[in-house]
Amino acid sequence: MDYAKLTPCLETYKGESDTLITILQKAQELFGWLSPELLAYIAQETGVPEAKVMGVATFYAQFRDKPVGKHLVLLCQGTACHVNGSAEIERALREYLGVDEGETTSDGLFTYNNVACLGCCSLSPVMMINGKAYGKLTGKSAVEVLKKIKGVDA
């Protein structure tokens with residue numbers, strides 16, 4: 001990987017001791033995930049012990065330690081979504097994608113994850129794909145969204 005893309009962020013926060021999470025967020029935004037090599041690079045460049053960088057990256061659920069698909073599918077499992085049928089949507093998505101929660105499809109197109117809350121309760125049940133919310137879903141309509149996205153990428 002070309003870690004030089006992270007240089008502006010590292011220079012912005014150089015010498016600041018409480019910016020590790022911000023740096024990790026930017027690194028994940030740039031590279032899609034946090035590889036062990038990338039974490040070692042961040043440790044080296046910031047002077048933060050590698051064990052601490054790894055500890056922060058593995059403690060917070062927002063950080064990924066595996067590559068994700070082109071489209072990150074997040075299904076809300078919050079109370080409003082649960083009450084309004086997120087379990088049905090989860091079954092439909094897992095069946096259509098052929099993956100379990102946290103996995104990526106074999107074609108590398110979709111990664112499926114459940115999340116505690118997307119903050120879109122008025123749209124429940126809701127899923128988010130690459131930052132775009134899709135609400136008032138059923139199992140069928142959720143799969144239709146994925147089919148449209150897949151058709152665009154075909």
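Please work out if K52 is assigned to a helix (DSSP H, G or I), buried (at least 16 other Cβ atoms within 10 Å of the Cβ) and among the basic types (K, R). Spelling it out, it is not the case that K52 is assigned to a helix (DSSP H, G or I), buried (at least 16 other Cβ atoms within 10 Å of the Cβ) and among the basic types (K, R).
Looking at segment 79-154, the strands (runs of 3 or more DSSP E) lying wholly inside it that each contain 2 or more residues that are in contact with a Lys or Arg (Cβ under 9 Å, 6 or more places away or on another chain) and either in contact (Cβ under 8 Å) with a residue 40 or more places away in the chain or more than 13 Å from G69 (Cα to Cα) (or both) sit at 110-115. Out of G69, G15, one residue alone is in a loop (DSSP other than H, G, I, E, B), at positive phi and either touching an Asp or Glu at 6+ places or on another chain (Cβ under 9 Å) or modelled with pLDDT under 95 (or both). It is G15.
The values are calculated or read from the model by the stated rules, or taken from the named source; none is laboratory data. Predicted, not measured: the structure shown is a model, and the values here were computed from it. Positions of Cβ are generated from backbone atoms using ideal geometry, with glycine treated the same way; all protein chains shown enter the neighbour counts.
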